[in-house]
Structure formats: C-alpha cells, structure tokens
Amino acid sequence: MSALVTTFTTLPFSQLRRNRYFYLWYDGVYATLCLGLLAAMHLGGYQGLFGESALIGEWRWTYMVAFPAVLYLQILASVFVHVCTHGSFPRAVNRLIGEICGVVVLTRFASWEVIHQRHHRFSDDVEKDPHPIVPSYWEFCVRTIVGVEKQLQQIYFDLYGESPETRRYEKLRAYVSYATNLLLVFTWFMALGPHAFFFFFVPASVLGALHLFHFNWSTHNAFSPSGDYKPVNLDHGFYWLGNRIWFGIYYHANHHKNARSLNPMTATPSLPLTAPPGRLGASQPS
C-alpha cells in the first residue's frame with residue numbers, strides 16, 4: 001500500500017530517474033484504461049454526451065454561448081498541469097489533479113512534467129530548452145512541437161546514456177506514446193459524441209494549445225528587439241486579464257524565482273514589470 005501511495009504522489013520525472021522503463025508502464029496503463037472505457041461504451045450502447053449517433057450533426061447557435069466557458073476551462077486545465085509540475089497543490093492530490101488535467105489537454109501529465117523540469121533547468125538555452133524563444137510566434141510554435149520530442153529523447157539519454165540500445169528504446173517509446181495519444185483522442189470522441197467533440201473539444205484544444213505556446217513565447221520577452229530573452233512579468237492589456245482569471249500566469253519572472261507558488265502574481269519576490277510593446281526597455285515597479 002505504501003508503494004502504491006508513493007507511485008500516485010511522486011512526480012513522473014522522479015519515477016523516470018528510478019525506472020528506465022517508466023514510460024512504457026505509464027503509457028501501458030493509459031492504453032489499458034482507454035481500451036477498457038471504449039469497450040464499456042461500445043457494449044453499453046453509449047452514444048455520447050448529447051446522445052447523437054451520426055458522425056456530425058446539425059450546428060446549433062447556442063454552442064457559441066457555451067464555447068467561451070469551455071475554452072476557459074481548457075486553458076485552466078493547462079494552468080493546473082503547470083502548477084502540478086511544481087507540486088504546488090497538496091501532495092495527496094497534486095499528482096491526481098495533474099493527471100486529470102493532462103488528459104483534458106491531451107498531453108498527459110508525465111511528458112509535460114518531465115519537459116517542464118528541463119525548461120526550468122535550461123531556461124532559454126537554445127540547445128537544451130525544449131522551447132527556446134525566437135522572434136516569430138509561429139516559428140516558435142513549430143519549434144516547440146519538434147523540440148519537445150527531441151528533448152524527451154535527450155532527457156532519457158542524459159539519464160541512461162546514448163547507445164544503439166537506448167536509441168531503439170526511445171524509438172519504441174515514441175511510437176507507444178503516439179499510439180496511446182490516438183487512443184485517448186478516440187476515447188474523448190466516443191465519450192463526448194460528435195457534437196461536443198467537433199464543436200467544443202477540438203476547437204478548444206487547438207486554441208488552448210495556441211494560447212499555451214503564446215504564454216511561453218510572450219513571458220520570455222519575445223518582443224525584445226535585442227533578443228534579450230528571459231522570464232519576465234507582464235501585466236498590461238490582455239495579460240492583466242489573464243493574470244486575474246488564470247492564477248497570475250503572466251508573472252513568469254516571479255514564477256521562475258518561486259516556482260512552487262500557486263499564484264506568482266502574489267508571490268515574492270515581485271520583480272519589475274516588462275512594459276508593453278512600443279516602450280520596451282522601460283519598466284515599472286510591480
């Protein structure tokens with residue numbers, strides 16, 4: 001029982017350091033759960049959240065009223081995954097919250113936590129940061145998608161050495177992980193049904209991912225004309241609103257100084273704010 005409790009309360013990176021096959025076990029559990037849920041929904045005749053059976057049904061304008069709330073919750077799930085990577089919630093529930101929110105944002109918790117720990121260790125290092133800043137936001141999005149997988153492999157090589165054996169293992173791990181993600185997406189489709197999946201979940205997931213990329217990009221001083229990329233605090237315009245509805249996420253310099261704080265906007269130390277574009281280089285006390 002003690003070992004089981006430890007498993008469900010220890011962060012994934014710590015488990016990866018102790019077990020070189022952690023990811024196969026992790027993905028295997030998720031794949032088994034997804035297959036079990038799919039079988040149960042099929043055998044039970046479940047037809048989705050709205051009960052429709054067609055591939056795509058009729059669009060309803062009322063969906064537009066509900067969509068902002070769905071998008072807010074999708075982004076909030078990413079915020080909570082981020083919080084859980086630092087163990088900011090009580091230990092008894094931190095991993096559980098991280099796993100649930102990781103399922104909502106589709107990445108699952110382990111890869112997010114492992115990658116994010118590397119980001120904090122090598123922040124803005126062009127070779128080792130999973131998402132180093134470049135001036136173009138869209139280029140940054142592409143580099144992040146490519147860089148995350150590359151750095152996942154490098155993390156394993158750093159822990160267990162790079163050899164033909166570990167390269168073969170990492171190739172297998174990647175295939176298993178992608179296959180498990182596909183199973184997870186299909187499970188969401190079956191659980192939500194076509195209306196909720198295509199009119200809510202898919203657009204909210206895409207916009208949520210773009211917001212996540214923009215959050216990482218903007219809070220590392222991407223607007224700097226001199227390329228002075230580093231964590232900064234932002235609290236003007238849209239960022240002001242984002243800080244108040246998403247637990248101060250744009251106070252990113254504070255976060256890098258005090259990573260375990262649930263709301264870095266209220267954490268110490270409170271570092272200077274970065275000025276809006278057009279007044280870069282100026283700062284004001286926060």
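Things worth noting here:
- Partner lysines for residue 230 [C-alpha distance under 29 Å; skip if fewer than 8 residues away on the same chain]: 128, 150, 257
- Extent of segment 92-168 along its three principal axes (Cα atoms, max minus min coordinate, largest first): 37, 35, 21 Å.
- Built amide H within the under 5 Å cut-off of residue 273, gap 5+: 284, 286
- Sorting the segments 191-197, 251-257, 141-147 by their residues' average number of neighbouring beta-carbon atoms within 10 angstrom, most packed first, yields 251-257, 191-197, 141-147.
- D_trans [Stokes-Einstein, Kirkwood Rh over alpha-carbon pairs] for segment 135-181, 37 °C, 0.692 mPa s, µm² s⁻¹: 278
- The residue among 63, 115, 169 whose Cα reaches farthest toward the positive pole of the charge dipole of segment 2-192, with charges on the beta-carbon of Lys, Arg, Asp and Glu, is 169.
- Working note: Karplus 6.51/-1.76/1.60 with θ = phi - 60° gives segment 184-200 the couplings 5, 4, 5, 5, 4, 4, 5, 6, 8, x, x, 4, 5, 5, 7, 9, 10 Hz, where Gly and Pro are set to x.
- Ordering of 69-78, 112-121 by packing [mean C-beta count within 10 Å, highest first]: 112-121, 69-78
- Using only alpha-carbon positions in the chain, the gyration tensor eigenvalues give semi-axes of 32, 26, 18 Å once each is multiplied by 5 and square-rooted (largest first).
A short reminder: the numbers here are calculations on the coordinates, not readings from a lab. Note that the structure is a prediction, hence the values are computed from the model and not measured. Positions of Cβ are backbone-derived with ideal geometry, glycine not excepted, and every protein chain shown enters the neighbour counts.
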